[in-house]
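Just below is one structure, and these are the notes that go with it.
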Amino acid sequence: MNDCVFCKIAAGEIPTNKVYEDDTVLAFYDLDPQAPVHVLLIPKEHIRSAAEITEENSGVVAHIFEVAAKLVAELGLERGFRIVNNCGEDGMQSVQHLHFHLLGKRKMGWPPFPVDANL
């Protein structure tokens, strides 16, 4: 995708603070961190969202979670962490490229945002 910022990051066209990279996955620090540790994990292949995961591309998601497990140890998140995927407009997906947020080093609340009783 020519206009996808995460595709450009994966291709090395936009510099980022990398945490991990292999042929399939790139992990880098979020520019607007919501926790002391906030890493984005993206497939290098353009998959628009979790709604587009298929039998053919689901292996990349498994690999992303394997990478996340390695990063948990490397980043000192043994006390706990959260992995978040926002999907679609109501899910607040801001970049139309599948990505996961790995958040840690702070106490997480639930629900993650206040619940609006008028929904």
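Only the coordinates and a few stated rules stand behind these numbers; no lab work does. The shown structure was predicted, so the numbers you read here are calculated from the model rather than taken from an experiment. Cβ: placed from backbone, ideal geometry, glycine included. Neighbour counts: every protein chain shown.
State all residues of segment 1-16 that are touching a residue at least 40 places away in the same chain (Cβ under 8 Å) and out of contact with any helix residue (DSSP H, G or I) (no Cβ under 7 Å at 6 or more places or on another chain); if no residue qualifies, say none.
Within segment 1-16, Cys4, Val5, Phe6, Cys7 qualify.
Take the residues of segment 1-16 that are outside any loop (DSSP other than H, G, I, E, B) and of a type outside the set (Val, Ile, Thr): which is surrounded by the fewest Cβ atoms within 10 Å (Cβ to Cβ)?
Among them, the one singled out is Lys8.
Within segment 17-42, track down each residue that is in a loop (DSSP other than H, G, I, E, B) and in contact (Cβ under 8 Å) with a residue 12 or more places away in the chain.
Within segment 17-42, Asn17, Asp22, Asp23, Thr24, Asp30, Gln34, Ala35, Pro36 qualify.
Can you tell me which residue in segment 82-112 is farthest from the chain's Cα centre (by Cα), limited to those that are closer than 19 Å to Asn57 by Cα and polar (S, T, N, Q)?
Gln96
Say we look at segment 87-97 and pick out the residues that are in contact with a Ser or Thr (Cβ under 9 Å, 6 or more places away or on another chain) and touching a residue at least 12 places away in the same chain (Cβ under 8 Å); which of these is nearest to Phe28 (Cα to Cα)?
That would be His97.
From the list Glu45, Glu78, pick out the single residue that is of a type outside the set (Gly, Ala, Ser), under 21 Å from Cys4 (Cα atoms) and either in a loop (DSSP other than H, G, I, E, B) or touching a Leu at 6+ places or on another chain (Cβ under 7 Å) (or both).
Glu45
Could you list, in sequence order, the residues of segment 10-37 that are hydrophobic (A, V, I, L, M, F, W, C) and out of contact with any strand residue (DSSP E or B) (no Cβ under 7 Å at 6 or more places or on another chain)?
Across segment 10-37, the qualifying residues are Ala11, Ile14, Leu31.
Select, from Ala68, Ala73, Ala51, the only residue that is free of Cβ contacts under 8 Å to residues at least 24 places away in the same chain, assigned to a helix (DSSP H, G or I) and not β-branched (Val, Ile, Thr).
Just one listed residue meets the conditions, Ala73.
Restricting attention to segment 46-69, which residues are more than 12 Å from the chain's Cα centre (by Cα), surrounded by 13 or more Cβ atoms within 10 Å (Cβ to Cβ) and of a type in the set (Val, Ile, Thr)?
Ile47, Ile53, Val60
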